[in-house]
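Q: Before we start, here is the structure in question, set down as structure tokens.
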Amino acid sequence: MFSDKDIARFANLETPFYYYDLTLLQKTLSDCAAAAKVYNFHVHYAMKANFNPAVLQKIKAVGFGADCVSGGEVNKAIEIGFDKKQVVFAGVGKSDREINAALDHDIFCFNVESVQELEVINELAEKKGKLARVAIRINPNVDAHTHHNITTGLDENKFGVNSWDLTACAETLKKSPNLEFIGVHFHIGSQITNLDVYKNLCVRVNEFAGWFEERGFIVKVLNVGGGLGIDYHNPEQQVPDFAAYFKVFQEFLEVRSNQEVHFELGRALVGQCSSLISKVLYVKNGKKKNFIILDAGMTELMRPALYQAYHKIENISKLALADSVKYDVVGPICESTDCFGKEVELPETLRGDLIALRSTGAYGEVMASHYNLRENIVSVYDTEG
Ligand code: LLP
């Protein structure tokens, strides 16, 4: 919810921009940290969700680690000041250059996604005279019941080592002197709202950890990934139920006394702390459709075009719901998928009104593009941090 003061301030700013509520971010982070502490769980922030420096500073300050998926993210995490002993590096296609840089940084762990990748990391670590800590990312074939474009833990997905490759994995680990196996890693998908999915994951984690133990490996880390969803329909219900989420793992994971449980949360931490604020350029009232044309498009917020994702749309210049009209809310880009919502009920809207697209903190600003030579989008904050 925006205050009158916010709206008056927005009216004087150049649009579009991402507005960040760092106060809400702080509350979300504190709630998550407190809920994780109850069970001594370790949280790594999945940096891909948002790498705005002000956001990263807050997350670092709360003591979370960083989950990175590219050399660029590893470098950024170190530059921001995340403890390198809390930096993990996942991804199906780590290049030699990225692996070498991560080895130079002595990061905590590589989450390895194939037998061949194990061989390459061992080779590169040997050349540097280093020992690389690795966890095996296993594809557990658990359905995350989310949009198919953001499902990662099924046999048909490219991610992780499939169960039939685990024997080769174990053999490679045993004959690789420059690798230190530290545990198992999973990530089955994103925007997961049904916690039962995580119960199924826990069962598989127990099985796979046991599999490695039976073969003489010490499994120190159980990394269960991220994926906890947020309520896009109710952006005011802003802080996810971290306590309920962590409780599932406490109940269903078999954790030995020497083991640590790690999480990689992205969306749940940052999703609700930002909105994309845009201005209405034109209103076209047609016979079949009414269109609101915004100055923000899929170049600033890609999720609706890419995943048919829902973001709540509000006319914040006119909060009263008098005389509501149904509009298709679209951007200025020359693509028919450049549409934020169809048949959206809004108060009668005029050129110059401000429109908020809510819950854009995760995978919003980071997925912006320069298509159509669009300019960089700016960020605005509720406080100076
Ligand atoms: N760990 C790994 C290995 C991941 O690949 C991801 C996200 C996460 C953790 C964090 O997941 P989260 O807690 O944020 O759900 N662009 C899409 C989402 C892609 C997620 C990719 N991986 C979207 O806008 O919905």
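Q: Can you name every residue in region 119-142 that is within 20 Å of residue 161 (Cα to Cα) and over 24 Å from the mean Cα position of the chain (by Cα)?
A: Across region 119-142, the qualifying residues are 119, 120, 121, 122, 123, 132.
Q: Are any of the residues in region 134-142 under 20 Å from residue 306 (Cα atoms), of a type outside the set (Lys, Arg) and either in contact with a Ser or Thr (Cβ under 7 Å, 6 or more places away or on another chain) or modelled with pLDDT under 95 (or both)?
A: no
Q: OK, next. Scanning region 188-225 for residues that are within 13 Å of the ligand (Cβ to nearest atom) and in a helix (DSSP H, G or I), which turns out surrounded by the most Cβ atoms within 10 Å (Cβ to Cβ)?
A: In this case the residue turns out to be 201.
Q: Can I ask one more? Looking at (1) surrounded by 16 or more Cβ atoms within 10 Å (Cβ to Cβ); (2) β-branched (Val, Ile, Thr); (3) farther than 30 Å from residue 1 by Cβ, which is the only condition residue 167 fails?
A: Every listed condition holds for residue 167 apart from (1).
Q: For region 284-299, which positions are assigned to a strand (DSSP E or B) and either out of contact with any strand residue (DSSP E or B) (no Cβ under 6 Å at 6 or more places or on another chain) or crowded, with 24+ Cβ neighbours inside 10 Å (or both)?
A: Restricting attention to region 284-299, the residues satisfying the condition of being assigned to a strand (DSSP E or B) are 284-285, 290-294.
Those that are assigned to a strand (DSSP E or B) and either out of contact with any strand residue (DSSP E or B) (no Cβ under 6 Å at 6 or more places or on another chain) or crowded, with 24+ Cβ neighbours inside 10 Å (or both): 285, 292, 294.
Q: Cβ-Cβ distance below 9 Å, separation of 6 or more or different chains: which pairs start in region 1-20 with a residue that is over 10 Å from residue 354 (Cβ atoms) and end on one that is loosely packed, with under 11 Cβ neighbours inside 10 Å?
A: That search, which allows pairs on different chains as well, returns 1/236.
Q: Looking at 242, 208, 252, 212 in this structure, which one is touching a residue at least 40 places away in the same chain (Cβ under 8 Å), of a type in the set (Phe, Trp, Tyr) and closer than 29 Å to residue 18 by Cβ?
A: Being touching a residue at least 40 places away in the same chain (Cβ under 8 Å), of a type in the set (Phe, Trp, Tyr) and closer than 29 Å to residue 18 by Cβ holds for just one of 242, 208, 252, 212, which is 242.
Q: In addition: Residue by residue through region 297-335, note down the ones that are more than 16 Å from the ligand (Cβ to nearest atom), under 12 Å from residue 276 (Cβ atoms) and among the aliphatic types (A, V, I, L, M).
A: 313, 316, 329
Q: Tally up the residues in region 5-25 that are in contact with a Lys or Arg (Cβ under 7 Å, 6 or more places away or on another chain) and either modelled with pLDDT under 95 or surrounded by fewer than 17 Cβ atoms within 10 Å (Cβ to Cβ) (or both), please.
A: 0
Q: Can you work out which of the residues in region 144-190 that are among the small types (Gly, Ala, Ser) and modelled with pLDDT of 95 or more is nearest to residue 131 (Cα to Cα)?
A: Only one residue tops the list, namely 176.
Q: Exactly one condition in (1) touching a helix residue (DSSP H, G or I) at 6+ places or on another chain (Cβ under 6 Å); (2) part of a loop (DSSP other than H, G, I, E, B) is false for residue 2; which is it?
A: Every listed condition holds for residue 2 apart from (1).
Q: In region 81-99, which residues are surrounded by 16 or more Cβ atoms within 10 Å (Cβ to Cβ) and away from the ligand (no atom under 16 Å from the Cβ)?
A: Applying the first criterion (surrounded by 16 or more Cβ atoms within 10 Å (Cβ to Cβ)) to region 81-99 yields 82, 84, 86-91, 94, 98-99.
Scanning region 81-99 gives 84, 99.
Q: Residues in region 26-64 that are of a type in the set (Gly, Ala, Ser) and either free of Cβ contacts under 8 Å to residues at least 60 places away in the same chain or surrounded by fewer than 19 Cβ atoms within 10 Å (Cβ to Cβ) (or both): how many? Break it down stepwise before answering.
A: First pass over region 26-64, keeping only residues of a type in the set (Gly, Ala, Ser): 30, 33-36, 46, 49, 54, 61, 63.
Imposing the further condition that a residue be either free of Cβ contacts under 8 Å to residues at least 60 places away in the same chain or surrounded by fewer than 19 Cβ atoms within 10 Å (Cβ to Cβ) (or both) reduces the set to 30, 33-34, 54, 61, 63.
Looking only at that region, the number is 6.
Q: Restricting to region 226-243, and then to whatever is out of contact with any His (no Cβ under 8 Å at 6 or more places or on another chain) and over 18 Å from residue 29 (Cα atoms), can you tell me which residue is nearest to the ligand (Cβ to nearest atom)?
A: 233
Q: State whether the residues of region 264-272 include one that is away from the ligand (no atom under 13 Å from the Cβ) and either in contact (Cβ under 8 Å) with a residue 40 or more places away in the chain or surrounded by fewer than 21 Cβ atoms within 10 Å (Cβ to Cβ) (or both). I'd like the intermediate steps shown before the answer.
A: We begin by selecting, within region 264-272, every residue away from the ligand (no atom under 13 Å from the Cβ); these are none.
No, region 264-272 contains no residue that is away from the ligand (no atom under 13 Å from the Cβ) and either in contact (Cβ under 8 Å) with a residue 40 or more places away in the chain or surrounded by fewer than 21 Cβ atoms within 10 Å (Cβ to Cβ) (or both).
Q: Identify, by number, the condition in (1) under 30 Å from residue 308 (Cα atoms); (2) among the aromatic types (Phe, Trp, Tyr); (3) touching a strand residue (DSSP E or B) at 6+ places or on another chain (Cβ under 7 Å) that residue 246 doesn't meet.
A: (3)
The values are calculated or read from the model by the stated rules, or taken from the named source; none is laboratory data. A quick note: this is a predicted structure, and the numbers were derived from the prediction, not measured. Note that each Cβ is placed from the backbone with ideal geometry, even for glycine, and that neighbours are counted across all protein chains shown.
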